[in-house]
């Protein structure tokens, strides 16, 4: 009887710890899709962060955005989550936004995000 009682207490403690330790912020698919649509409309619209004009990437505006602070861009995009704007060729290879001797910029966005195991920034 003592063993059964101990097992019940252990299982109860395990589930209590599991639910308390689990992060409360859940990311929903709908929220991610909403943020993605917001980013697409802002970068291809008429906003200050738009880099796609008439179906073509405006390199000057893109390089200007690369120089801005990530938090400022995120505020201008009016989104909650992290993002990364990157470009790929027809084969799926990442195209560098800016490539210098000291730094290669793969994308515009959060350095926490990796694109093909390359940090976005």
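The values are calculated or read from the model by the stated rules, or taken from the named source; none is laboratory data. All of these numbers come straight from a predicted model, not from anything done at the bench. Every residue, glycine as well, gets a Cβ built from its backbone with ideal geometry; the counts of neighbours run over all protein chains shown.
Just to check your reading of the model, which residue among 65, 32 is surrounded by 15 or more Cβ atoms within 10 Å (Cβ to Cβ) and either touching a helix residue (DSSP H, G or I) at 6+ places or on another chain (Cβ under 9 Å) or more than 13 Å from residue 108 (Cβ to Cβ) (or both)?
Just a single option satisfies the conditions, and that option is 65.
Among the numbered conditions (1) in contact with a strand residue (DSSP E or B) (Cβ under 6 Å, 6 or more places away or on another chain); (2) at pLDDT below 85, tell me where residue 65 comes up short.
Every condition holds for residue 65 apart from (2).
Give the number of residues within segment 92-121 that are assigned to a loop (DSSP other than H, G, I, E, B) and surrounded by fewer than 14 Cβ atoms within 10 Å (Cβ to Cβ).
Total satisfying the criteria: 10.
Any residue that is part of a helix (DSSP H, G or I), at pLDDT 85 or above and out of contact with any strand residue (DSSP E or B) (no Cβ under 6 Å at 6 or more places or on another chain) - is there at least one of those in segment 17-30?
no
Only residues that are closer than 16 Å to residue 120 by Cα, in a loop (DSSP other than H, G, I, E, B) and without any contact (Cβ under 8 Å) to a residue 12 or more places away in the chain: list them for segment 39-91, please.
Within segment 39-91, 68, 69 meet the criteria.
How many residues, within segment 95-120, are within 17 Å of residue 63 (Cβ to Cβ), within 18 Å of the chain's Cα centre (by Cα) and touching a residue at least 24 places away in the same chain (Cβ under 8 Å)?
Adding up the residues that qualify gives 5.
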